[in-house]
Each structure stands twice: as structure tokens, then as C-alpha cells.
Amino acid sequence: MTTEPDLLVRSLDSPAVWPASAVSAPGGDVSVAGVSLAELAERHGTPVYVLDETEVRARARAWRRALPDADVVYAAKAFLCRAVVDWVAEEGLGLDVCSAGELELAATRGFPPERIVLHGNAKSPRDLRTGLRLGVGRIVIDSDCEIARIAAQVPPTAPPQKVLVRVLPGIEAGAHPKVRTGTEGQKFGLSLAGGDAEDAVLRVLGQPRLSLAGLHCHLGSQIASTEPYARAVRTMVAFLARLRDRHGVTLPELDLGGGFAAAYLPGDTAPQPDAYGRRITAELARACAEFGYPAPRLTVEPGRAVAAPAGVALYRVLAVKRTGERVFVAVDGGMSDNPRPALYGARYTVRMVGRATAAPMRTATVVGRHCEAGDVLAQDVELPQDVRPGDILAVPASGAYQVSMASGYNMTGRPPVVAVADGRSRLLLRRETFEDQRGRDVGL
Ligand code: LLP
């Protein structure tokens, strides 16, 4: 048997790009949770997404440990299926949902509704009806016009619906303009500086069918520093104190949203939950002491930081070509299963799995199979020079905002998701077939 350079060990030097259970295996393979990635690609076909259950659970637990007095609410939009609903419930987290669909899926598993936070800048009548019917714990108010609408739908026999007001704290954070939500000029939240947040608070207080539990803010996504959270805590506690001083209300809850970074490339900064937790807790104590405000109960809503590092996407190479100076390696997935590079210029690392080679590495760009020049999965990555059609490529850090954002573009069919744990795999989501697509096409 030939010995080969252990490339994976090099990747694993950077924290959390791969699931902790990933190890290199004979024949150029990689196994995750004791399951061979090459075998999974064979068995399920490609593209296929692999999700390490233990990694998801460990990350969920790490958040609870980091903020033991807070509520940790998993952001379902990162990735949700029934198994994940169960994992989140069993690990003691809540669930952040933003549609009736996400809500109904959670309900199919009996997820405790009081642990659910319902979000949305434009909640549909069905979203609100479903949320109120199932008895969600919190509804986050994102605009003035929904206050009376929600209040009117709370059944007179039910207790007042707990709500939070989403505040725009005027803090710039997040990896890309399209995922920055803490500043003016984008669609979410009610402006603190402009007075809209205070107006909304007063309106909610005037609605007897609503109970104002506290305030919410969400700064953005892929925030790789603890600093913006410290600023958010200060800004929000100052606002809570001002509401108390002006209007005589002491609100007991503060939800700081999500946005905690995950590592995508070796060397990426992604603070661990306890680093965020320490900073937030320290700043909360400081701000509450300064403003003489009783410490509110905190909520955080991590999505990416729980799911992204647990996922690996597997593709098969369909074509390799050189165009000018560039080498393009085209695979059987692309922007329909991972729109993040096209949308946010997101970068990924890629590794060939399932074939040992001594060929030197060269720089290549991994592209998808869709009919757009922007369908690039991973720009300028190092791959063996002899990479060829039939080879399998693995893309780590693929557990969040990929399958959940997958589309029907070019009718290629959304990929399956396979869970791995303790040396075993099981199918969570099956591949979308032509029959699924044909079934929706009901008219001529
Ligand atoms: N809470 C609220 C209110 C949110 O809007 C979000 C994400 C989260 C929590 C969770 O954020 P996380 O911890 O996952 O960063 N599609 C983009 C990310 C969009 C995030 C939208 N809201 C991406 O792929 O980078």
C-alpha cells in the first residue's frame, strides 16, 4: 500500500472547517463520523450533502454552555428537516422560524411551541395564523402595521401573545452588505435613531392582547468578532433604560439575534461560543450596572455556527478544461444547491476524496453545471493536477444556507441530505426527482 501525503490533517489545522470527526482514510478517502465519504457518494449519487449529527449536537451544547442563563434558539433558516428539529429539541434549544412552513415542520415533531420565536419582516396571514394557533412563545414585531393585526388575531380566551420589538441599533457588522441588518437603509427592524422603535414599543404597550416581553436585534451574519455584540448589548440596554425612565416599563428580555461566524477557509477567524458568551455576559453586567437596569434574560439565535461546520457537500467531476490561464473543474452541482458564492462572493475550500494520487497540486476553479458564468462553487482552490471526470470533490463547511437555499434552477433536482453518526449513515432528505418536478406541473 502506498503512503500518501495527509492533506486533510493540514486542513484540520484550521479550526472547524471540517467536522471534528473527519479523518483521512485509505485510498485518498475521508471519513466523517466513521463513514467513508466516497462510499456515501457511491451509494446516494452526487451531489449529496452529509451532515454530522454529533457535530450539530456538540455545537448546540457548546452554545448552551457558553450562555447558561440565556435561551439559545437555533435559526431554522440555516437548515431544517425533521431530524434537526429533534436534535435541537433534545439539546434544549429553541427554534427561530420565519414561515408557516418552518413552523409546521417543527410542529410535526411536537417541538415545544413556547420555545419558538416567529420572525419575518413581512409575515403572511398564514404565518401569523399558524404561529398563533400553535402558540409560539414570541413573535418579533418588525413593522408598525403588524402590531394591530397580530393583536386582533389573539383569541380573547388566550393569554396575551408575548412579542419582542425588533430594533435597528445602527451597528454595522456582517461579512457582506447583503447580510448586514443592523444599520439603516435595509428592510429589517425599527430604527432606534429615528424614533420608530420607541413608537412601536408604545403602540404594543397600548394593545392589551399583546404582552411586550422585550427587545430584539439581529446585526447580520458571519460576524467574526465579538465586538459588535458588545456594542449591541450597550446600545440595547441604554434603550431599555430609556424606555423605563420615560415610560415606566422595565422589559425583562433581550434577544441579540444570531450572526456568529463559522470558518469556511483554513485560517478563517470564527470565535468559539464561549468567546462570544464571555464578551456578551461581561458587557451586559457592565451596561446594567451603569444604567441601574435589572439584567434582562438573554436570547441568542445562532444558525450558521451550529450547522455549517457539520456539513460536507460531495460532487462528482464532469469535465475539466483549461481556458486561457484558468483550469476549470466542472461538477454535477452548483448554484442550485449552493448559491452562496454567486450571492455573497463566499469562498470555500475543496478536497478530492476517494482516489489516492501523487500528482502535484495546481490552482483550479470549481464551477457548477448551470447555465451561468457566475455559477462558481470555489474559486482558486488547490486540486491535484490529474483531477479528472469521475473524481469526487468534497466541500466542507456546507451545513448552513446551502440546502435550505437550494433552488429548482435548470431542473437538476435538489440534493439529498444524509446524516452520519457513530459509523452509520441514514437518509434524511431524499433527492428531488423528475417525478417530484413533473408532479407540480399540473396545467397545460
Ligand atoms: N436571527 C435572525 C433574525 C436572522 O435573520 C438570522 C439570519 C439568524 C438569527 C441566524 O443568523 P446566523 O447565526 O445563521 O448567521 N443566507 C446568508 C445568511 C442570511 C442570514 C439571514 N438571517 C448566507 O448564506 O450567508
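Using the Cα centre of the chain as origin and beta-carbon charges of +1 (Lys, Arg) and -1 (Asp, Glu), tell me which of Pro208, Pro296, Ala193 is placed farthest towards the positive end of the dipole.
Of the listed residues, the answer is Pro208.
Under a Cβ-only charge scheme (Lys and Arg +1, Asp and Glu -1), can you give me the dipole magnitude of segment 67-302 about the Cα centre, in debye to the nearest 20?
Computed charge dipole of segment 67-302: roughly 460 debye.
Using Cα atoms only, what is the angle between the long axis of helix 125-134 and the major principal axis of the chain, expressed in degrees (0 to 90) to the nearest 10?
It is inclined by approximately 80 degrees.
If each DSSP helix of 4+ residues adds -39,500 (n - 2.57) and the sum is divided by the residues in the chain, what number results at 222 nm, nearest 500 deg cm²/dmol?
It comes out at -8500 deg cm²/dmol, rounded to the nearest 500.
Would you work out the charge dipole size for segment 186-294 about its Cα centre, treating the Cβ of every Lys and Arg as +1 and the Cβ of every Asp and Glu as -1, and quote it to the nearest 20 debye?
Computed charge dipole of segment 186-294: roughly 200 debye.
Given the Cα-Cα distance of Glu372 and Phe328 and 0.36 nm per residue of separation, how much length would full extension add, in nm?
Going from the current span to full extension adds 14.4 nm.
Which angle between 0 and 90 degrees, to the nearest 10, do you get for helix 227-247 versus the longest principal axis of the chain when only C-alpha atoms count?
The two axes meet at around 20 degrees.
With the cut-off at 1.5 for a/c, could you classify the chain from its C-alpha gyration tensor as rounded, prolate or oblate?
Prolate, because a/c is 1.5 or more and a/b exceeds b/c.
Output needed: percent of Cα pairs per 10 Å distance bin for segment 237-285, bins running from 0 to the one holding the longest distance.
20, 36, 25, 13, 5, 0
Amide H neighbours of Met352 under 5 Å, counting only residues 5+ apart in sequence or on other chains, H built in-plane at 1.01 Å?
For Met352, whose amide H was placed from the backbone, the distant partners under 5 Å are Ala394.
Taking the 0 to 90 degree range and rounding to the nearest ten, how far is the long axis of helix 53-66 tilted relative to the main principal axis of the chain, both from C-alpha atoms?
On a 0 to 90 degree scale, this one is about 30.
Per residue of segment 140-148, what does 6.51 cos²θ - 1.76 cosθ + 1.60 with θ = phi - 60° give for ³J(HN,Hα)? Whole Hz please, x for Gly and Pro, Karplus curve as stated.
Each residue of segment 140-148 in turn: 9, 6, 10, 7, 3, 6, 8, 5, 5 Hz.
Along its principal axes, what span do the Cα atoms of segment 371-430 show, with the longest given first and each in whole Å?
Ordered largest first, segment 371-430 gives principal extents of 34, 29, 21 Å.
Pick from Gln272, Gln186, Gln161: which is most flexible by mean-square fluctuation in a GNM of the chain where alpha carbon atoms under 10 Å apart are linked?
Gln186
For segment 149-257, give the share of DSSP beta bridges that are antiparallel, in percent and rounded to the nearest 5; count only bridges with both residues there.
10 percent
Could you state, as a whole-number percent, how many of the C-alpha pairs of segment 67-302 are farther apart than 29 Å?
24 percent
None of the figures in this text is laboratory data; all of them are computed from the coordinates on show. Nothing here was measured: the structure is a model prediction, and the numbers come from that model. All Cβ positions, even for glycine, are placed from backbone atoms using ideal geometry, and neighbour counts span all protein chains on display.
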